[in-house]
Every structure is written in C-alpha cells, then in structure tokens.
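Chemist: If you scroll down you'll find the structure; I have some questions about it.
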Amino acid sequence: MSLTIDTHHHMLPEFFFEATNEKANPVGGLKPQAWSIEKSLAFMDEMGIDIAITSISTPGIEMHDRNASKELARKCNELAASMVLKHPRRFGALASVPMPNVDDAIEEITYALDVLKLDGVVLFTNAQGIYLGDPRMKPLFHELQRRKATVFVHPNASPDPVAHALGLTDNLIDFPGDTTRAIAQLHYGGTFAETPDVKYVFSHAGGTAPYLAGRFAIVDDMKIMGDSSVTGTSADTFRRLYWDTALAWTDPVLNTLRHIAGMDKVVFGTDFPYVRNDLALKGKLKINSNPELSAEEKKQVFGGNALELFPRFDSIKIDSK
C-alpha cells in the first residue's frame, strides 16, 4: 500500500471544545467522537494512515474575548507541537490563529511557524462574520505569501441568521456553501492573485465550487465580476488550488475535480473524529476501488500530492504497509 496522508484530521482537546462549543448544541450540528492523541493513532492504524496533519475544527479560535482567543490558540499550538515532537513520523500540524484580529493572527503565525515549527496554518471561511476575502484580511495574506505557507481552509457556519432558521443542520448545506463563498471572494477580490506562492487546501472538495465551475466561467466571460486580467479566470484559480476528499469521495465529485483541477491537486482527508470510523474507511476503499483512477493517480491522492504541501515528510522513510 502506498503512503497515506490524512490532510483533514482534527485534534479536539477537551479544553478547546469546552471553550468554543456548547455541549448540547455543537457547532455544525454534530457532536464528534471524544478525542485524544491515542484515539487519533488508533484510528490511523485502523485506517492504514501513515501520517495525519492535525487541525482544530469549527468554529476556530474566534472567541469574543481577544485575550482568551490568543491564549486558546497558543495552548492548541503547543499541544500540536508536542504531538509532532513525540510522534514525528505520524503527525504534522496546522497552526491555530486567533481570528478575526489580524495582528494577533500574524503574531501567532510567527510563533507557531518559527518557534514551534508547525507545518502550515488552518483558517476558517469566516470569523464572526468577517470572510477571508475581506480587505481587512489582506495583511494576514501578505504575511502568508511572504512565508509561502500552506493554508488549510475549513468552513464555518454562515453569519446569516436566516441560514439557521430552516431546520437544517449547518454541515448539510451551509458548510459547503460557506466554503464556496470564501473561494469566490478570495478569487474575485484578488487575494489569490496576490498570493501566488501560498498553497491553499479547501475542505470537502471545495464545497459546491466544483459543481459551479461552469457558472463561474460564464460570470468570467460576461465580465459580471469585472475584468479577469488581474485576478485570472476562475478556471485558472481552480487548477491552482488543492481539494481534499473528506466527505467528498464519491465518483461524481472526483470526476469533476479531475476536469476542473486535475488529480495532482486532490488530497486525501477523513474529517476524523466527526465522521464515523466505518464511513471513513468506506470512503478510503471507495477511492481505492475507483475504476476511473489509475494506480498512479490513487498514489498521488493518498499521499503523493500532500508531499507537495508538507515536504518535510518526503525525507521520512515509511515502510509500505
């Protein structure tokens, strides 16, 4: 079996979950399995996963108390660094940053990447209603560009109260929708164009963006969102981004990603510990048995493409399982 890297693997220490989620009403509508380092490792062994790139999940570090946000981000990052130190062949880690305060976010990125040596940054589609493509976020992305960072983007619930009045769980429609909003604003607002060296990974195969690729192209052709000479076309952007397979492993999704991005931009993800173990395994087997994918493409999706994002693992020799 080829190298397998889980790029969408959450660490949810109790102190983070208690600070950011209501136990009776968890963000997104689904209470995850209880998490521990040992449970992550057991899941990886069960699934045949060599390496997991850990990140916190919704709602991110977006508490209304600024100091509490900074302290929570630091605590999460130091825990992640300790996991990598103890299990360097099994874990990578994405830095948590206190949002939406840009200065605090940049300060924590500096510590997490320069001192703790984490592998990238996790950002959320919106923080307290401020989306990543908002002009106020530009200094943050300029810093990420300077560092040529890997950035994993995870959805958050929409700030629109109407979206929560339909009797539908956020993780059914609103999370994919919020990912699509973020991609569109980052593209048409010029952030992607201004950060050519940042490597972006979007959760859940980019929400609904792949399905809407043709619609994006029509908007570009009609110049509804302006002239694309500066931003590039949406088709250019889609070929540049990376897309993970968490909750998005079915044949139509992968086939769409092949056409809009190429299989060299698809990375494996499970969404542990939110998804049930049996469903995560089903997703892995579904990809592995997909007749549309060549053996080389499967090798790329399971681990090869992720090495472009997390190159330090390229030097770690892992025995095939």
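The values are calculated or read from the model by the stated rules, or taken from the named source; none is laboratory data. Treat the numbers as computed from the prediction; the structure is a model and nothing was measured. Ideal geometry is used to build each Cβ from the backbone, glycine not excepted, and the neighbour counts take in all protein chains shown. Keep in mind that these areas ignore ligands, DNA and RNA; they rest on the heavy atoms of the full protein, side chains included. Shrake-Rupley method; radii C 1.70, N 1.55, O 1.52, S 1.80 Å.
Residues checked against (1) under 25 Å from S315 (Cβ atoms); (2) in contact with a helix residue (DSSP H, G or I) (Cβ under 6 Å, 6 or more places away or on another chain):
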{"position": "S96", "(1), (2)": "no, yes"}
{"position": "D104", "(1), (2)": "no, yes"}
{"position": "E107", "(1), (2)": "no, no"}
{"position": "L113", "(1), (2)": "yes, no"}
{"position": "L118", "(1), (2)": "yes, yes"}
{"position": "F124", "(1), (2)": "no, no"}
{"position": "H142", "(1), (2)": "no, no"}
{"position": "P159", "(1), (2)": "no, no"}
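Chemist: For the range 95-152, which positions are of a type in the set (S, T, Y) and open to solvent by 30 Å² or more (accessible area, probe 1.4 Å)?
Modeler: Answer for the range 95-152, where residues must be of a type in the set (S, T, Y) and open to solvent by 30 Å² or more (accessible area, probe 1.4 Å): T110, Y111, Y131.
Chemist: If you don't mind, another one. Does P88 count as farther than 17 Å from R147 by Cβ, touching a residue at least 12 places away in the same chain (Cβ under 8 Å) and open to solvent by less than 40 Å² (accessible area, probe 1.4 Å)?
Modeler: no
Chemist: Could I ask something else about it? State whether one or more residues within the range 209-224 are β-branched (V, I, T), farther than 22 Å from P252 by Cα and free of Cβ contacts under 8 Å to residues at least 40 places away in the same chain.
Modeler: Within the range 209-224, one or more residues are β-branched (V, I, T), farther than 22 Å from P252 by Cα and free of Cβ contacts under 8 Å to residues at least 40 places away in the same chain.
Chemist: One residue is enough: does the range 268-286 have a residue meeting the conditions in a loop (DSSP other than H, G, I, E, B) and of a type in the set (D, E, K, R)?
Modeler: Yes, some residue in the range 268-286 is in a loop (DSSP other than H, G, I, E, B) and of a type in the set (D, E, K, R).
Chemist: Got a sec? Which helices (runs of 4 or more DSSP H) wholly within the range 11-103 have at least 3 residues that are modelled with pLDDT under 95?
Modeler: 14-20
Chemist: Return yes when R312 is within 18 Å of G189 (Cα to Cα) and either touching a residue at least 40 places away in the same chain (Cβ under 8 Å) or open to solvent by 50 Å² or more (accessible area, probe 1.4 Å) (or both) and no when it is not.
Modeler: So R312 does not fit the description; no.
Chemist: Scan the range 270-279 and tell me whether some residue there is within 17 Å of G207 (Cβ to Cβ) and either touching a residue at least 40 places away in the same chain (Cβ under 8 Å) or exposed (fewer than 14 other Cβ atoms within 10 Å of the Cβ) (or both).
Modeler: The answer is yes, given that some residue of the range 270-279 is within 17 Å of G207 (Cβ to Cβ) and either touching a residue at least 40 places away in the same chain (Cβ under 8 Å) or exposed (fewer than 14 other Cβ atoms within 10 Å of the Cβ) (or both).
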